[in-house]
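Each remark here refers to the structure printed beneath this line.
Values quoted throughout were computed directly from the atomic coordinates according to the rules given, and no laboratory measurement underlies them. These figures come from a predicted structure and were not determined experimentally. All Cβ positions, glycine included, derive from the backbone under ideal geometry; neighbour counts span all protein chains shown.
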Amino acid sequence: MAKKMPRQLVALSTSAIAAIYFAGFVATRSADAGIASTASAYNVPTAKAASASVSSTSSSSAPTVTAYRDGTYSGSGTSRRGGVTVALTVAGGRITNVSISRVSTEYPSSRISALPAQVVARQSSQVDNVTGATFSAQAFRQAVQAALQQASA
């Protein structure tokens, strides 16, 4: 039969675990506020920003979208799994189309085929990562950033 553990040792262990969890909570609680400010820095829509832009367009808290020069721009991005080249079209100062021109990653382009629509919808290079093709998404993001840099100059 197994030997019973002393109650004091159980209480001490439980207290130590609770202290570690509490310290982690306190240390990371401020990061939650930082996530919202980081998202707004990358023009990622948040619930607060979306409601501000719907309720009033003259509000200073409404997100700003950078106007780009009209035209078609090409950009390339690389990762340790290969590269991606995109063609980005701007009309009326807004991103209207993004197409993947070339993919030389380990994974097929079908893995990142939803990302161009995200760029158009968000008017930003900040797209979601793709499970199983994180590096392809990273290369795509870099390619869009390179094209947008040309459109901004």
Could I have the simple spin-label model distance between residue 5 and residue 101, label points 7 Å from Cα toward Cβ, reported in nm to one decimal?
6.2
Would you mind checking which residues have amide H under 5 Å from residue 96's amide H? H placed 1.01 Å from N; only 5 or more apart, or other chain.
89, 90, 91
Could I have the simple spin-label model distance between residue 129 and residue 15, label points 7 Å from Cα toward Cβ, reported in nm to one decimal?
3.9
In order over the range 143-148: 3J(HN,Hα) from phi, Karplus 6.51/-1.76/1.60, θ = phi - 60°, whole Hz, x for each Gly or Pro, gives 5, 5, 4, 5, 5, 5
